[in-house]
1. Just give me the residues in the stretch 295-351 being assigned to a loop (DSSP other than H, G, I, E, B) and more than 18 Å from the chain's Cα centre (by Cα), in sequence order.
2. When the residues of the stretch 163-192 are filtered to those that are small (Gly, Ala, Ser) and either within 16 Å of residue 389 (Cα to Cα) or in contact with a Ser or Thr (Cβ under 9 Å, 6 or more places away or on another chain) (or both), which remaining residue is surrounded by the most Cβ atoms within 10 Å (Cβ to Cβ)?
3. Of the residues 368, 302, 344, which is at pLDDT 95 or above, buried (at least 18 other Cβ atoms within 10 Å of the Cβ) and over 19 Å from residue 197 (Cβ atoms)?
4. Take the residues of the stretch 31-48 that are touching a strand residue (DSSP E or B) at 6+ places or on another chain (Cβ under 7 Å) and not in a helix (DSSP H, G or I): which is farthest from residue 269 (Cα to Cα)?
5. Sort through 247, 224, 210 and tell me the only one that's open to solvent by less than 20 Å² (accessible area, probe 1.4 Å) and under 19 Å from residue 359 (Cβ atoms).
6. Somewhere in the stretch 131-152, is a residue acidic (Asp, Glu) and not in a loop (DSSP other than H, G, I, E, B)?
7. Mind listing whichever residues of the stretch 1-54 are open to solvent by 70 Å² or more (accessible area, probe 1.4 Å) and under 22 Å from residue 79 (Cβ atoms)?
8. From the set of residues in the stretch 8-23 that are part of a loop (DSSP other than H, G, I, E, B) and in contact with a strand residue (DSSP E or B) (Cβ under 7 Å, 6 or more places away or on another chain), which is farthest from residue 367 (Cα to Cα)?
Amino acid sequence: MTDPRVRDVYIVDAVRTPVGKYGGALAPVRPDDLAAHVVRALVDRTPRLDPARIDDVYFGDANGAGEDNRNVARMAVLLAGLPVTVPGVTVNRLCGSGLEAVIQAARAIAHGDAQIAVAGGVESMSRAPYVLRKPERAFPAGHQELFSSTLGWRMVNPRMAPEWTVALGEGAELIAEKHGITREQQDVFALASHQKAVRAWQAGAYDAEVVPLPDVELARDETVRENSSLKSLSRLKPVFRTDGGTVTAGNSSPLNDGAAALLLVGEEGLRATGREPLARIRASAVTGVEPQLFGLGPVEAVRRALARAGRGFGDLATCELNEAFAAQALGCLGEWPELDPTVVNPRGGAIAIGHPLGASGARLAGAVAHQLAAAGSGTGLAALCIGVGQGLALVLER
């Protein structure tokens, strides 16, 4: 960082839960308990750190309408048994919320407002409640409509342009159409996601970061399919377009539950932990696009983040690009011809691992940090598309 007033920010550690499937092993666990678990695990893994020295806890959460209880970060602090003097703030940039939390925590440390911070994200899509709009007048006689808060648009403002409020999967279809991405290409990409995740788990690549919950029978990500094949994927019917559609349940990320957290420090905080950092935060960027083309949000965000870091696509040793949909990820990759595709999601992506909305960005940042630490050096990138048309990117280095 060139400004002498801006301090270096390090990621000391990163943990996450195994990702559970919708209605699966983590469905009985409240989101605030998921968040508390990763916060507690993070603190326990750094025994020299006095928890009272944590200046703030930042957590991403895309829903917040239920047991998240509006400020799940503060709930996690209390449930994790941290001192009551440790504050907490919850941020919401939808699918990018977990990464937004990391960026905000890093910004506070970089500008001297904190020395030690926890940043992460959580989502229980299984436990997302149905919500009921308040009636415009008291005691309505007719039936009232419930809205699911699990995913996507709800209670849409009638003034919003209709082309903006299409289903997320229809947005993926638009990208496939725009970039000429075939069904077979999407299925091949989805299969590769599962195969890489299977290999990573078998090789122990996730052992350093995944912290299973006690009393929950889930040691690995629940939606990774060892027996996935192009044949089985090709049998799935398109979900969003019955006529000529290409987006299926198999080449899309599933609905998931999970949490992730990172320990961020400045120089003084680094000495307090007594640990070697995994990576250093270099730069970030956020951009906006047309809401229906939300999947292409990372395209410009990544370019800007790399430019701010003084790096190019050829400098990347690893890249974690969230796979909301295969069509969306392929659309972004098509816009980055300079990027070596073999460095993208080397341990599998969200199509296999899952996409618990508020947690995913923190999971990606932690994954990049661990991969850089394992390599010993290099530059890494974490990026996500975001519903309603945004992209978010973070550059790390070691």
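1. Those that are assigned to a loop (DSSP other than H, G, I, E, B) and more than 18 Å from the chain's Cα centre (by Cα): 310, 311, 312, 336, 337, 338, 339, 340.
2. That would be 172.
3. Residue meeting the stated conditions: 302.
4. Across the stretch 31-48, the extreme among qualifying residues is 45.
5. 210
6. Going through the stretch 131-152, the residues acidic (Asp, Glu) turn out to be 136, 145.
Next, from what is left, pick out any that are not in a loop (DSSP other than H, G, I, E, B): none.
No, because not a single residue in the stretch 131-152 is acidic (Asp, Glu) and not in a loop (DSSP other than H, G, I, E, B).
7. Kept after step one, since they are open to solvent by 70 Å² or more (accessible area, probe 1.4 Å), are these residues of the stretch 1-54: 1-2, 4-5, 7, 21-22, 28, 30, 40, 44-45, 47-48, 50, 53.
Those that are open to solvent by 70 Å² or more (accessible area, probe 1.4 Å) and under 22 Å from residue 79 (Cβ atoms): 28, 30, 40, 44, 45, 47, 50, 53.
8. Here is the first cut: in the stretch 8-23, the ones part of a loop (DSSP other than H, G, I, E, B) are 8-9, 17-19, 22-23.
If we keep only those that are in contact with a strand residue (DSSP E or B) (Cβ under 7 Å, 6 or more places away or on another chain) too, we end up with 8-9, 17-19, 22.
Working: 8: 20, 9: 17, 17: 12, 18: 13, 19: 14, 22: 22 Å.
Only one residue tops the list, namely 22.
The values are calculated or read from the model by the stated rules, or taken from the named source; none is laboratory data. These numbers were taken from a predicted model, which means no experiment stands behind them. Here Cβ is always computed from backbone atoms with ideal geometry, including for glycine, and neighbour counts include all displayed protein chains. Heads up: the accessible areas ignore ligands, DNA and RNA and are worked out on the full protein's heavy atoms, side chains in. Shrake-Rupley method; radii C 1.70, N 1.55, O 1.52, S 1.80 Å.
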